[in-house]
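Q: Sharing a structure with you now.
The values are calculated or read from the model by the stated rules, or taken from the named source; none is laboratory data. Computed from a predicted structure; not experimentally measured. Ideal geometry is used to build each Cβ from the backbone, glycine not excepted, and the neighbour counts take in all protein chains shown. Ligands, DNA and RNA are stripped out before the accessible areas are found, and what is left, the full protein with its side chains, is counted by its heavy atoms. Shrake-Rupley method; radii C 1.70, N 1.55, O 1.52, S 1.80 Å.
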Amino acid sequence: MAELELSFPALDRALFEVPDPARLTAASPSRHPPRFLLLYGSLRSRSYSRLLSFEAARLLTAMGGEVRLFDPSGLPLPDDAPDTHPKVQELRQLAAWSEGMVWCSPERHGAMTGVMKSQIDWIPLSTGAIRPTQGKTLAVMQVSGGSQSFNAVNQMRVLGRWMRMLTIPNQSSVAQAYAEFTEEGRMKPSSYYDRVVDVMEELFKFTLLTRDLGPCLLDRYSERKESAEATAQRVKQSAI
């Protein structure tokens, strides 16, 4: 390969940083249990996405995590109520509290459900200078009434990236979910259940690895540049 000419006419060298491995070790690691918010995408009385979320919650709790499940019943459609609505405020407070999330949706018409999408849409990408989901870990799961499919989890991965979340590589898709749970609502032993255990283990580990490293992992050249330009503009205006 030809030798590269290391000149950067478009780069602000004062704001360019070489990644430092030392910054990838937290000086004071968090000691509290990892905090997880679980969202599910069905309001049915026997909701398999809810039952699967409860199985995930049990596993995360057994690993030492602190878990909250949001009940979407009563959550208004996005833009059909002010964001001061109690269910919206509950969801947003839980999103801010969490360090990782699990999204679990049925597949309906080849996509995630409207119930699932509405919950995600109510979580803002930014609140002032704070991004409620940026840097949080995410695991995605789905349940299907027929053969195994990955449409819903693939869509949720796109949304996770848009919300600037760290979506783990593993995922769970439970086919013919009606046959995978007992009458009492517990998941039967199967390869599907084993995969859920795998996903929760991976989510827990990724959360432990990344939850204290936001200042490094989320530090971006473009945002440093934007901040520097905004600061310069404020200084200029104050001098007038």
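Q: Where residues in segment 52-93 are in contact with a Phe, Trp or Tyr (Cβ under 6 Å, 6 or more places away or on another chain) and either aromatic (Phe, Trp, Tyr) or more than 16 Å from residue 113 (Cα to Cα) (or both), which of them is surrounded by the most Cβ atoms within 10 Å (Cβ to Cβ)?
A: Filtering segment 52-93 for residues that are in contact with a Phe, Trp or Tyr (Cβ under 6 Å, 6 or more places away or on another chain) and either aromatic (Phe, Trp, Tyr) or more than 16 Å from residue 113 (Cα to Cα) (or both), the one surrounded by the most Cβ atoms within 10 Å (Cβ to Cβ) comes out as 60.
Q: So which residues in segment 106-137 are among the β-branched types (Val, Ile, Thr) and either open to solvent by 20 Å² or more (accessible area, probe 1.4 Å) or not in a loop (DSSP other than H, G, I, E, B) (or both)?
A: Let us first name the residues in segment 106-137 that are among the β-branched types (Val, Ile, Thr), namely 113, 115, 120, 123, 127, 130, 133, 137.
Within segment 106-137, 115, 120, 127, 130, 137 qualify.
Q: Determine whether residue 167 is in contact with a helix residue (DSSP H, G or I) (Cβ under 7 Å, 6 or more places away or on another chain) and either free of Cβ contacts under 8 Å to residues at least 40 places away in the same chain or surrounded by 15 or more Cβ atoms within 10 Å (Cβ to Cβ) (or both).
A: Criteria met by residue 167.
Q: How many of the residues in segment 166-217 are part of a helix (DSSP H, G or I) and either among the hydrophobic types (A, V, I, L, M, F, W, C) or farther than 17 Å from residue 57 by Cα (or both)?
A: From segment 166-217, those part of a helix (DSSP H, G or I) are 177-179, 191-210, 214-217; that's our starting set.
Filter once more, so that each one left must be either among the hydrophobic types (A, V, I, L, M, F, W, C) or farther than 17 Å from residue 57 by Cα (or both): 177-179, 191, 196-197, 199-200, 203-204, 206, 208-210, 214-217.
So the count comes out to 18.
Q: Quickly run through segment 14-38 and pick out the residues that are in contact with a Leu (Cβ under 8 Å, 6 or more places away or on another chain) and either closer than 20 Å to residue 73 by Cβ or at pLDDT 95 or above (or both). Can you show your working first?
A: Applying the first criterion (in contact with a Leu (Cβ under 8 Å, 6 or more places away or on another chain)) to segment 14-38 yields 23-24, 26, 34, 36-38.
Once the filter is applied, which keeps residues that are in contact with a Leu (Cβ under 8 Å, 6 or more places away or on another chain) and either closer than 20 Å to residue 73 by Cβ or at pLDDT 95 or above (or both), segment 14-38 yields 34, 36, 37, 38.
Q: On to the next question. From the list 53, 30, 42, pick out the single residue that is assigned to a helix (DSSP H, G or I) and hydroxyl-bearing (Ser, Thr, Tyr). Talk me through it step by step, then tell me what you get.
A: Working: 30 fails: assigned to a helix (DSSP H, G or I); 42 fails: assigned to a helix (DSSP H, G or I).
Residue meeting the stated conditions: 53.
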